[in-house]
Amino acid sequence: MKFGVVVFPGSNCDHDAFYAISNVLHKPVEFIWHQSENLANCDAIILPGGFSYGDYLRTGAIARFSPVMKSVEKFGKSGGMVLGVCNGFQILCEAGLLPGAMMRNSGLRFICRHVHIRVEQTDTPFTNAAQKGQILKIPIAHSDGNYNCDEATLAELEKNRQVIFRYTTHDGSNDNAGNPNGAVRNIAGICNRERNVAGLMPHPERVVEPALGSSDGLVIFRSMVEALVGAAKATA
Amino acid sequence: MATAITEIKVTPEIAAEHGVTREEYARIQQILGRDPNITELGIFSVMWSEHCSYKSSKVHLKRLPTRGKLVVQGPGENAGVVDIGDGLVAAFKIESHNHPSYVEPFQGATTGVGGILRDIFTMGARPIAVLDSLRFGEITPGKHTSEEEAAKNRRVLDGVVRGVGSYGNCFGVPTVGGEVAFEPCYSQNPLVNALALGIAKKEEIFLAKAKGIGNPVIYVGAKTGRDGIHGASLLASAEFTEESQQKRPNVQVGDPFMEKLLLEACLEAMQTGAVVAIQDMGAAGLTCSTMEMASRGGTGIEIDLARVPQRETGMTPYEIMLSESQERMLLVAEKGREHEVLSVFKKWGLDAVVVGTVTEGGIARINNNGRVAAEIPAHPLAEEGPVYNRPLAAPAPRIESEKDWFAFAPEGTNLTENFKKLLASPAIASKRWITEQYDTSVRTNTLAGPGASDAAVVRIKDPQTGAVKRALALSTDGNGRWCFLNPRVGAMHAVAEAARNVAASGARPIAATNCLNFGSPEKPEVMWQFSQAIDGLGEACTILSTPITGGNVSFYNETLGKSIYPTPVIGVLGILDDVSRVLKIAFRDDGDVILLLDGSNSSVVAQQASPPQSNQASALAREFSSSEYSKTITGIVAGEPPAIELTAEKRLIDCLVALAAEGAIQSAHDISDGGLAVTLAESCFASVVAGLQTGASSSAASATHLSATIKLNGDAPPEHAVFGERGARAVVSVKPTALARVLDTARQYQVAAHELGQVTRDGSFRIEHKGRAVVDASVKALRDVWAHSLEYALTKR
């Protein structure tokens, strides 16, 4: 089992994702340079947060054309596990691996704070270790996390149970009140129809130890590990 | 136009337009043995500007303590460096970007942050935290501030906050702390002081010393444009006038994405072992970096401007040398290995060009297309510039009497409404609206972000293995109002508070950095304030064992002839040997005992510096008139800052560090702006009632935050007891079972421990003075006022 963390120029959560996997989960992980089309036989790819290519033009808009993304697209479309966090989520949308797009936060400001998200679906490789309805405390840090898509896509997302995380309050009582950025239907994270590609705005890699204020991000990485272990067993 | 400037014949009048005096001009002629050409004059003018040369402050700065057993590098390099154990060092420094931030708030603030980050990674250290110390004019209309003025201050604040956030967030360094203060004097001269902290291996620290004759000099990073020409000399070294807004083209423009690439590329290039020296191009750009590298290394340097990557065509040597375009570095590589360095920059998509060589003989020669554009002996230029011992004059003593001072309310007066006003004032209110615009958690080291602890606390991951052992704590502090009333005592308080904050997070203070914001050095009163402040800083840093390792001086903070309050801002760095021992301000459990720790041996306050004939009551009034409460409630700013006893501060600091190491206390929060009541309230606001964590449902009736019941005695008037700001004090909460042990430790450190009351969970915040309630309200009501007033003032008016 090996994780790959893609490094775009301007990625700034690459080291954090790497640290979470290597030093907290103790699993093999390596960096993949944006100009490489070789995914180094990784079993799961993480597109980290940051400001790839300065986020010039539009968040994720340039990163999507980098050499590494050709391979990531191929990998994702053939069933490989891909997780995009924050800027990584934006890149996945730009690349068409996930539907929809990000707008500026409704308050038009960068926001960094702990938010609460509810795990809506557990039949994905990113959430299989979580309880359905479990509430996770995870920080956001973005200017453009206001997820949006057209009505038809939204209906598809809901019908196929692709919304895997929704913003809510700490006790899960009021989703609208817990929405920090205006995202449609309080969407914090989605997966593709095949459920092997997912993106979320909150940063699970930042909350993997109690000293960091929460270790709720671990459940997402543990899910990925379990899914990879399961997949390895199935092929064995 | 572009060619015209090179042909200008330099005269003393043109020199004067560059801010070069007649005496300085004569000195230039003497160094060169001839008249300078216009490019050379430009170079001298920026190198000898107040901002770059410290010509007015040098004689005073010598009095600061700069040595200590942990100090690896003191003032004079890009940043100070201290040993933090396990083969690691911390590089840290604070710097101002005041004038640019008024002229163009967003870009001024971004380039301020960008500049200080470059100073850190120039040393080979990866930046891991930024703190911002910000001061603005009042943002709500009042006695000294019209609505128009307040609206302008709100716009400046908004731009500065966006700028600070934009740069740090994109660069990927957490902005973990700092301060935000408001006084009318900063209305047309906001203070934007940015501090950055980085970590490196001790043997991998880089210095800016050119070495090795024949070694190539390499220019890396952004292209040079016409932006920021004379930023250092005209913006930072002259006072403001009504025309200053027209200096907008002198403000540089920042690109954090470029800087992030530069960071990664520089650190990677340094790892090749082929880099000999490196210097960032900050103030005075290419001029300062070439001249200082050569001067420090005792070498010469020769560069060809035609090879410098340029953003615009037709730039003159004068413009190229004086440009302050951001995100550029100059480095010296080992001869024959330059390709190793160049290939790293190519990988990161950055310009990297060999522009010259290190030469023998100490001459800096600037060529342009085969012609010599400037030829200057580097050392005399960099090190033998003018030094001024400017005249000092104490201002006329303020004649004050009791009628000028705060008049205390009689005993038994209910102070709850005043307390709410204080909590709602921008100075005291929650700064969450600001700090949430900063990424505080990237790099996953933040153990205590803004408001969680008295200092920001970040853990140290080993650069190779990621293993975590220790943490560093940082706090920036300053009190302009107190320094205005008494610069020496005010400066001492700034050091004491920063050190106390660090100790209240559990860390041992080890070193300091300073940003000295003052008015015009050409005014004897300002120089007197400066000299007094230096004396105060020196004394405090000596007693508190926090040597000054670097920083900067920002003079000419005046607009239309009016100076700001003298405002030394101090950043203190502390070390925490065990990451699990971080102390936070939040109360933890219902039933915990609340203690006041007081480093002062005697209960008599304000005896120092008060006239002998004054009685105790008027001494208290005099001291209290300098408080945040006095300013907020009555508008009175007078008297003297509270007397300071540095040995008492030291005792308290040592005691807090010991208590943290023992794991004996539940929370700690020092007493500062707004006094005891604000300290206690903040410890309630930051708390969470157990059982209300994620996932648990809260019943509407139960309180979400812990509360406190406090009983005070003593003869001081209630307002003084509740809102007084005397130093050397902190509030800690203790489990009843640990009380005896804590009292014992306090005794060992000769710190008085007074039992004030208890942490409760009934939601009621109550302070009694001699048996009568003086503050009585629900935590929720108080918190609502405190939590939302800044956002309301900034966005809803």
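The values are calculated or read from the model by the stated rules, or taken from the named source; none is laboratory data. Owing to the predicted nature of the structure, the values given are computational and were not obtained by experimental measurement. A quick note on method: Cβ atoms are made from the backbone with ideal geometry, for glycine too, and the neighbour counts reach across all protein chains shown.
I'd like to check something: does segment B:188-199 contain any residue that is at pLDDT 85 or above, part of a loop (DSSP other than H, G, I, E, B) and surrounded by fewer than 24 Cβ atoms within 10 Å (Cβ to Cβ)? Yes, because at least one residue in segment B:188-199 is at pLDDT 85 or above, part of a loop (DSSP other than H, G, I, E, B) and surrounded by fewer than 24 Cβ atoms within 10 Å (Cβ to Cβ).
Note on segment B:252-311: residues that are more than 14 Å from chain A (Cβ to nearest Cβ), farther than 18 Å from B:V332 by Cα and in contact with a Lys or Arg (Cβ under 9 Å, 6 or more places away or on another chain) amount to 2. Could you check segment B:161-187 and list, in sequence order, the residues that are within 14 Å of another protein chain (Cβ to nearest Cβ) and assigned to a helix (DSSP H, G or I)? Result: B:V161, B:R162, B:G163, B:V164, B:G165, B:S166, B:Y167, B:G168, B:N169, B:C170, B:F171. Checking each residue of segment B:138-157 against the condition of being part of a strand (DSSP E or B) and touching a Phe, Trp or Tyr at 6+ places or on another chain (Cβ under 8 Å) gives no match. Scanning segment B:440-467 for residues being more than 8 Å from chain A (Cβ to nearest Cβ) and within 20 Å of the chain's Cα centre (by Cα) gives a total of 11. Evaluation of B:E40 against the conditions (1) closer than 28 Å to B:C515 by Cα; (2) surrounded by 19 or more Cβ atoms within 10 Å (Cβ to Cβ) shows that the sole unmet condition is (1). Sub-7 Å Cβ pairs linking a first residue in segment A:169-183 that is at the interface with chain B (Cβ under 9 Å from one of its Cβ atoms) to a second residue that is charged (D, E, K, R) and buried (at least 16 other Cβ atoms within 10 Å of the Cβ), at least 6 apart or interchain, are A:G172/A:R118, ordered by first then second residue. Could you list all residues from segment A:23-61 that are within 24 Å of A:L212 (Cα to Cα), within 12 Å of chain B (Cβ to nearest Cβ) and of a type outside the set (A, V, I, L, M, F, W, C)? Those that are within 24 Å of A:L212 (Cα to Cα), within 12 Å of chain B (Cβ to nearest Cβ) and of a type outside the set (A, V, I, L, M, F, W, C): A:N23, A:H26, A:P48, A:G49, A:G50. Of all residues in segment A:1-22, those that are more than 8 Å from chain B (Cβ to nearest Cβ) and within 30 Å of A:K233 (Cα to Cα) have Cβ atoms under 8 Å from Cβ atoms of residues that are surrounded by fewer than 24 Cβ atoms within 10 Å (Cβ to Cβ) and of a type in the set (S, T, N, Q), 6 or more apart or on another chain, in A:K2/A:N41. One residue stands out among those in segment B:240-272 that are at pLDDT 95 or above and among the small types (G, A, S): the one that is surrounded by the most Cβ atoms within 10 Å (Cβ to Cβ), which is B:A269. Across segment B:565-599, the number of residues qualifying as in contact with a Gly (Cβ under 6 Å, 6 or more places away or on another chain) and not in a strand (DSSP E or B) comes to 4.
Somewhere in segment B:560-569, is a residue buried (at least 24 other Cβ atoms within 10 Å of the Cβ), at pLDDT 95 or above and under 20 Å from B:K62 (Cβ atoms)? Yes; the residues of segment B:560-569 include at least one that is buried (at least 24 other Cβ atoms within 10 Å of the Cβ), at pLDDT 95 or above and under 20 Å from B:K62 (Cβ atoms). Screening A:L228 with (1) closer than 27 Å to A:C42 by Cα; (2) outside any loop (DSSP other than H, G, I, E, B); (3) within 14 Å of chain B (Cβ to nearest Cβ) gives one miss only, at (3).
Taken over segment B:545-595, the criterion of being in contact with a Ser or Thr (Cβ under 8 Å, 6 or more places away or on another chain), within 14 Å of chain A (Cβ to nearest Cβ) and of a type outside the set (A, V, I, L, M, F, W, C) is satisfied by B:K584 alone. Determine, yes or no, whether B:I320 is over 15 Å from B:G212 (Cα atoms), touching a residue at least 60 places away in the same chain (Cβ under 8 Å), within 33 Å of the chain's Cα centre (by Cα) and not in a loop (DSSP other than H, G, I, E, B). When the stated conditions are applied, B:I320 passes them. Of the candidates A:V68, A:V85, A:V72, the single residue that is under 23 Å from B:W348 (Cβ atoms) and in contact with a Phe, Trp or Tyr (Cβ under 9 Å, 6 or more places away or on another chain) is A:V68. Taking the numbered list (1) in a loop (DSSP other than H, G, I, E, B); (2) under 30 Å from B:E662 (Cα atoms); (3) touching a residue at least 60 places away in the same chain (Cβ under 8 Å) in turn, B:A503 passes all entries but (1).
Number of residues in segment A:87-119 that are free of Cβ contacts under 8 Å to residues at least 12 places away in the same chain and in contact with a helix residue (DSSP H, G or I) (Cβ under 6 Å, 6 or more places away or on another chain): the value is 0. For segment B:775-794, a residue qualifies if it is touching a residue at least 12 places away in the same chain (Cβ under 8 Å), within 25 Å of B:E179 (Cβ to Cβ) and of a type in the set (S, T, Y), and exactly one does: B:S789. I'd like the residue in segment B:410-439 that is touching a strand residue (DSSP E or B) at 6+ places or on another chain (Cβ under 9 Å) and of a type in the set (A, V, I, L, M, F, W, C) and, out of all such residues, is nearest to the other protein chains (Cβ to nearest Cβ). The qualifying residue nearest to the other protein chains (Cβ to nearest Cβ) is B:I434.
Can B:L474 be described as at pLDDT 95 or above and within 9 Å of another protein chain (Cβ to nearest Cβ)? Judged against the criteria, B:L474 is not a match. Within segment A:99-126, being within 13 Å of chain B (Cβ to nearest Cβ) and not in a loop (DSSP other than H, G, I, E, B) holds for A:I111, A:C112, A:R113, A:H114, A:V115, A:H116, A:I117, A:R118, A:V119. Out of B:A660, B:A586, B:A668, B:A664, one residue alone is crowded, with 23+ Cβ neighbours inside 10 Å, farther than 30 Å from B:P487 by Cβ and modelled with pLDDT of 95 or more. It is B:A660.
Quick grid of which residues meet (1) at pLDDT below 95; (2) assigned to a loop (DSSP other than H, G, I, E, B); (3) touching a Leu at 6+ places or on another chain (Cβ under 6 Å):
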position	(1), (2), (3)
A:K132	no, yes, no
A:I138	no, no, no
A:L154	no, no, no
A:G182	no, yes, no
A:R195	no, yes, no
A:P202	no, yes, no
A:V219	no, no, no
A:M224	no, no, no
A:A232	yes, no, no
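Scan segment A:76-108 for residues that are among the charged types (D, E, K, R) and more than 11 Å from A:E194 (Cβ to Cβ) and the total you get is 2. Among the residues of segment B:391-406, those that are of a type in the set (A, V, I, L, M, F, W, C), surrounded by fewer than 14 Cβ atoms within 10 Å (Cβ to Cβ) and touching a residue at least 40 places away in the same chain (Cβ under 8 Å) comprise B:A393, B:A394.
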